[in-house]
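Reviewing the structure listed below.
The values are calculated or read from the model by the stated rules, or taken from the named source; none is laboratory data. The structure presented is a predicted model; accordingly, all values stated were derived computationally and were not measured. With ideal geometry, Cβ positions are generated from the backbone for all residues, glycine too; neighbour counts draw on all protein chains shown. Just so you know, the surface numbers come from the protein's heavy atoms only, side chains and all, with ligands and any DNA or RNA stripped out. Shrake-Rupley method; radii C 1.70, N 1.55, O 1.52, S 1.80 Å.
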There are 2 protein chains.
Amino acid sequence: MNQILIRSVLLDNRFSDVLIEGNVFKAIAPAGTLRTTEPDAMEIDGSHRAIVPAFYNTHTHAAMTFCRGLSDDVPLQVWLEKYIWPREARLSAEDVYVASRFAILEMIRSGTVFFADMYWHRTETARAAREMGVRACIGVTFADVLKKDSDENFRFIEENISAYSDRIRLAVAPHAIYTNSAESLKRCAEYSERFHLPLHIHVAETVGEENRSVTPTNGLSPVEYLDSLGLISERTVAAHLVHVSEKDLQILAARRVTCAHNPCSNMKLSSGTFQMKRFLEHGIRVALGTDGAASNNNLDMREEMKFASLLAKMTSGDPTVLSATDTLKMATRNGAETFGLNAGVIAEGKLADALLLDLDVPCFATGDVVSNWVYAANSSVIDTVICDGKLLMRYREIPGSEEIERDFRNRFSSRS
Amino acid sequence: MNQILIRSVLLDNRFSDVLIEGNVFKAIAPAGTLRTTEPDAMEIDGSHRAIVPAFYNTHTHAAMTFCRGLSDDVPLQVWLEKYIWPREARLSAEDVYVASRFAILEMIRSGTVFFADMYWHRTETARAAREMGVRACIGVTFADVLKKDSDENFRFIEENISAYSDRIRLAVAPHAIYTNSAESLKRCAEYSERFHLPLHIHVAETVGEENRSVTPTNGLSPVEYLDSLGLISERTVAAHLVHVSEKDLQILAARRVTCAHNPCSNMKLSSGTFQMKRFLEHGIRVALGTDGAASNNNLDMREEMKFASLLAKMTSGDPTVLSATDTLKMATRNGAETFGLNAGVIAEGKLADALLLDLDVPCFATGDVVSNWVYAANSSVIDTVICDGKLLMRYREIPGSEEIERDFRNRFSSRS
């Protein structure tokens with residue numbers, strides 16, 4: 001069985017040996033005490049390195065790397081209608097495959113081993129993730145007003161559920177209330193329940209979203225309306241939730257919804273001000289997402305952590321809100337748990353997903369490792385990425401990356 | 001005379017040759033058209049590179065790298081009184097030299113060639129900057145309530161002004177109204193006028209600052225009070241300005257003050273919400289600063305740009321505010337002009353300060369270079385740093401960096 005022993009690595013301020021067997025952490029013990037037992041076991045010198053949980057990106061649109069940097073600093077509707085939707089209308093399946101591979105390369109380099117996706121040509125993003133060794137939850141995306149493919153989507157779920165049961169899973173992903181009818185939304189909820197699938201949806205991203213609902217909400221807020229249709233449950237991953245009332249927060253807490261918070265995207269698009277402290281006070285689970293590269297403009301969860309923490313402090317007027325440790329948990333364990341993964345923590349029995357950080361980088365010279373990781377570093381300090389017990393990146397090298405970058409540039413770059 | 005020819009580099013979307021002679025840009029012309037004339041001229045292949053202005057950090061405390069990551073997520077007064085001030089009280093001149101060198105190394109790696117500093121043991125920070133080739137404006141720091149050295153400070157200015165006239169200059173730097181009496185502040189203003197020095201001061205960083213003023217302000221806001229004492233002029237660099245009234249903004253605009261905006265520090269310390277759009281509407285010049293590494297927690301102006309732009313969009317509710325181009329100008333040209341440097345733009349006759357960015361990095365594969373630099377990249381894409389016509393970093397290598405890092409770790413690291 002596959003064995004990797006990471007020797008003398010800093011884990012929670014202690015130098016430890018970490019033994020991976022198969023796809024789990026088999027043993028963790030003081031440095032110098034563990035041995036491998038398999039003849040082909042690999043050993044990694046962990047000295048001058050810290051081991052931290054890898055990132056779980058709970059809301060993104062991976063393939064949108066193809067439109068990064070093409071339309072910034074414009075109002076949301078102009079951005080969608082003039083730049084994004086016309087480009088998306090011309091996208092082929094192969095385009096999505098190439099752009100998804102490019103996105104996953106960026107994710108691995110910046111420490112992300114899981115992403116929850118919502119986009120078109122879903123099987124191509126799934127193929128890219130499967131080939132490249134990361135985990136993903138691929139949304140089967142519903143948007144009545146843009147595409148008339150709901151029946152086909154539901155059939156896809158029924159026929160393919162068994163093929164998406166391990167590292168690559170499915171979610172039911174109705175895009176939003178302003179792109180789907182009440183009837184379609186209800187059926188999504190039924191499928192989510194019947195097949196035990198996450199329900200991934202944009203909710204209350206912009207002010208007055210209820211006024212643009214395909215089916216009139218009759219005065220209900222987006223959260224109340226979705227609740228009335230059965231879409232608010234412990235399987236729900238609601239992206240954004242920028243505009244919520246006290247009553248909405250009570251519903252979200254009672255139903256044990258996860259909020260996928262995307263600070264960079266919300267700020268860049270001026271969507272509104274997310275109220276982190278109120279979510280925490282209500283005990284609502286918050287995880288982090290980068291959103292797509294067109295509205296962020298990267299997929300870098302380290303940067304997202306700093307934005308999340310600093311935004312929460314500023315918005316609440318309380319510098320003790322969302323400490324570095326809490327922020328790291330949000331970007332790791334909370335995301336993993338949301339999607340039913342026994343991961344996000346470096347502990348025996350957990351899925352072997354982890355990052356090694358290079359402590360020789362100057363920003364780690366003083367102070368707390370987690371503080372420096374969240375507030376001072378950037379993703380270039382990541383030396384090694386492990387997912388499901390396998391090395392995806394070592395010394396910042398990812399096998400096959402040159403071809404993936406070349407394919408992407410040949411297809412999408414105007415300058416290459 | 002020192003000559004550097006950068007061949008075929010992307011400048012404002014055109015491939016150009018850029019010739020540096022002495023410490024200025026001598027000529028800029030279409031790629032393939034320029035030649036060097038000096039026998040020992042250096043040539044740099046600029047292909048796959050973009051040339052952009054280097055950063056001018058208008059508010060920092062360089063030596064505070066020594067307390068990075070030691071005290072995060074605590075209220076401001078606890079942070080100052082329990083962690084920062086006790087540590088600073090024990091600092092030696094050599095400590096400041098070592099920590100300043102370490103800070104300047106971080107600045108160069110992240111593209112900063114100038115910093116406006118305010119700290120103790122000023123000559124040590126100046127020495128570090130002079131040796132390492134960057135520009136600096138060293139604040140002669142006044143804080144009556146902490147140190148009784150005002151007379152000595154004024155004498156230092158009189159005696160040393162001529163020694164600080166080129167790359168390393170002086171500023172009069174009264175710390176704040178809550179650390180200096182009205183009398184001392186007035187005398188600072190007189191020295192700033194008499195010696196044509198910038199007046200660098202913290203203003204309105206936290207709410208109710210006027211209530212903690214050493215000399216009662218008699219109901220005046222910090223800006224009004226400082227104006228009444230003669231400290232608000234075109235030489236004033238006012239850091240923070242988070243809490244300002246409409247009347248304050250009118251005063252700042254009329255007096256042509258520069259605001260040194262520090263988004264990360266303000267957000268991390270929950271100081272308040274900076275109103276960028278109102279400053280721009282009043283035509284007030286805004287430049288960027290990182291503040292010290294203890295409250296940010298890095299000196300990375302690229303990250304500061306993204307925070308500044310996204311914060312301005314969120315706060316104003318207007319995604320068109322502070323475009324990528326405007327943000328880059330704020331971090332470069334605005335800072336240079338504030339300190340009287342004919343720099344911050346890549347153009348003939350300007351001081352030869354610049355960065356080369358590696359366009360082979362994936363985030364530059366599509367879209368606009370400036371957008372990608374501000375929103376998508378991180379500072380590891382900087383390949384080369386030029387200041388005053390000299391190469392400070394090439395292929396990410398900085399001569400002497402190992403010794404600087406070792407000295408710092410030996411003195412300050414608990415883990416080395």
**OP:** Check whether at least one residue in the range A:61-68 is within 14 Å of chain B (Cβ to nearest Cβ), open to solvent by less than 50 Å² (accessible area, probe 1.4 Å), touching a residue at least 40 places away in the same chain (Cβ under 8 Å) and polar (S, T, N, Q), and report yes or no.
**Re:** yes
Original post:
Does B:Thr332 count as within 11 Å of another protein chain (Cβ to nearest Cβ) and in contact (Cβ under 8 Å) with a residue 24 or more places away in the chain?
Top reply: no
Original post:
So which of A:Val244, A:Val207, A:Val223, A:Val237 ends up being within 23 Å of the chain's Cα centre (by Cα), in a loop (DSSP other than H, G, I, E, B) and closer than 29 Å to A:Ser309 by Cβ?
Top reply: A:Val244
Original post:
In the range A:243-277, how many are out of contact with any Leu (no Cβ under 9 Å at 6 or more places or on another chain), open to solvent by 10 Å² or more (accessible area, probe 1.4 Å) and within 13 Å of another protein chain (Cβ to nearest Cβ)?
Top reply: 2
Original post:
Of all residues in the range A:78-107 being among the small types (Gly, Ala, Ser) and open to solvent by 30 Å² or more (accessible area, probe 1.4 Å), which is modelled with the lowest pLDDT?
Top reply: A:Ala89
Original post:
Among the residues of the range A:155-163, is any in a helix (DSSP H, G or I), farther than 18 Å from A:Leu341 by Cβ and under 17 Å from the mean Cα position of the chain (by Cα)?
Top reply: no
Original post:
Considering only the range A:143-164, how many residues are open to solvent by 80 Å² or more (accessible area, probe 1.4 Å) and of a type in the set (Asp, Glu)?
Top reply: 4
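Yes or no: the range A:192-200 includes at least one residue that is assigned by the TED database to the domain that holds A:Tyr164, surrounded by fewer than 21 Cβ atoms within 10 Å (Cβ to Cβ) and of a type in the set (Phe, Trp, Tyr).
Taking every residue of the range A:192-200 in turn, at least one turns out to be assigned by the TED database to the domain that holds A:Tyr164, surrounded by fewer than 21 Cβ atoms within 10 Å (Cβ to Cβ) and of a type in the set (Phe, Trp, Tyr).
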Original post:
When you scan the range A:22-56, how many residues do you find that are open to solvent by less than 40 Å² (accessible area, probe 1.4 Å), more than 28 Å from A:Asn372 (Cα to Cα) and in a strand (DSSP E or B)?
Top reply: 0
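Of all residues being under 12 Å from A:His175 (Cβ atoms) and in contact with a Lys or Arg (Cβ under 9 Å, 6 or more places away or on another chain) in the range A:112-141, which is modelled with the lowest pLDDT? Just the residue, please.
In the first step, residues of the range A:112-141 are kept if they are under 12 Å from A:His175 (Cβ atoms); the result is A:118-120, A:139-141.
Okay, now just the ones that are also in contact with a Lys or Arg (Cβ under 9 Å, 6 or more places away or on another chain), so A:120, A:139-141.
Numbers: A:Trp120: 93, A:Gly139: 98, A:Val140: 98, A:Thr141: 97.
Looking at the filtered set, the residue picked out is A:Trp120.
How many residues are closer than 18 Å to B:Ala103 by Cβ, of a type outside the set (Val, Ile, Thr) and either within 23 Å of the chain's Cα centre (by Cα) or facing chain B (nearest Cβ under 7 Å) (or both) when one looks only at the range A:355-366? If you could, list the steps in order and put the result at the bottom.
In the first step, residues of the range A:355-366 are kept if they are closer than 18 Å to B:Ala103 by Cβ; the result is A:360-366.
Remaining after also requiring of a type outside the set (Val, Ile, Thr): A:360, A:362-365.
When the remaining residues are screened for being either within 23 Å of the chain's Cα centre (by Cα) or facing chain B (nearest Cβ under 7 Å) (or both), the result is A:362-363, A:365.
Here the count works out to 3.
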Original post:
Given the conditions (1) open to solvent by less than 30 Å² (accessible area, probe 1.4 Å); (2) modelled with pLDDT under 95; (3) within 11 Å of chain B (Cβ to nearest Cβ), which single one is not true for A:Pro75?
Top reply: (1)
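Look at B:Arg130 and say whether it is open to solvent by 10 Å² or more (accessible area, probe 1.4 Å), assigned to a helix (DSSP H, G or I), assigned by the TED database to the domain that holds B:Gly289 and closer than 28 Å to B:Glu402 by Cβ. Reasoning before the result, please.
Values: open to solvent by 10 Å² or more (accessible area, probe 1.4 Å): yes; assigned to a helix (DSSP H, G or I): yes; assigned by the TED database to the domain that holds B:Gly289: yes; closer than 28 Å to B:Glu402 by Cβ: yes.
So B:Arg130 passes the test.
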**OP:** Kindly list the number of the only condition in (1) more than 25 Å from the chain's Cα centre (by Cα); (2) assigned by the TED database to the domain that holds B:Ala293 that fails for B:Thr65.
**Re:** (1)
Original post:
Residues in the range A:367-381: is at least one surrounded by fewer than 18 Cβ atoms within 10 Å (Cβ to Cβ) and either touching a helix residue (DSSP H, G or I) at 6+ places or on another chain (Cβ under 7 Å) or at the interface with chain B (Cβ under 8 Å from one of its Cβ atoms) (or both)?
Top reply: yes
Subject >> Leading residue by the ranking (nearest to the other protein chains (Cβ to nearest Cβ)) among those in the range B:278-293 that are open to solvent by 10 Å² or more (accessible area, probe 1.4 Å) and over 18 Å from the mean Cα position of the chain (by Cα) >> reply: B:Leu280
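Does B:Thr65 satisfy the criteria of being polar (S, T, N, Q), within 25 Å of B:Arg135 (Cα to Cα) and assigned to a strand (DSSP E or B)? Step through it out loud before you land on a result.
Numbers: polar (S, T, N, Q): yes; within 25 Å of B:Arg135 (Cα to Cα): yes; assigned to a strand (DSSP E or B): no.
No.
What number of residues within the range A:301-329 are open to solvent by less than 10 Å² (accessible area, probe 1.4 Å) and either part of a helix (DSSP H, G or I) or more than 9 Å from chain B (Cβ to nearest Cβ) (or both)? Spell out how you get there, then give the answer.
Here is the first cut: in the range A:301-329, the residues open to solvent by less than 10 Å² (accessible area, probe 1.4 Å) are A:301-313, A:322, A:324, A:327.
Imposing the further condition that a residue be either part of a helix (DSSP H, G or I) or more than 9 Å from chain B (Cβ to nearest Cβ) (or both) reduces the set to A:301-313, A:324, A:327.
Looking only at that region, the number is 15.
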Subject >> Residue in the range B:40-60 that is nearest to the other protein chains (Cβ to nearest Cβ), counting only those that are over 14 Å from the mean Cα position of the chain (by Cα) and of a type in the set (A, V, I, L, M) >> reply: B:Ala50
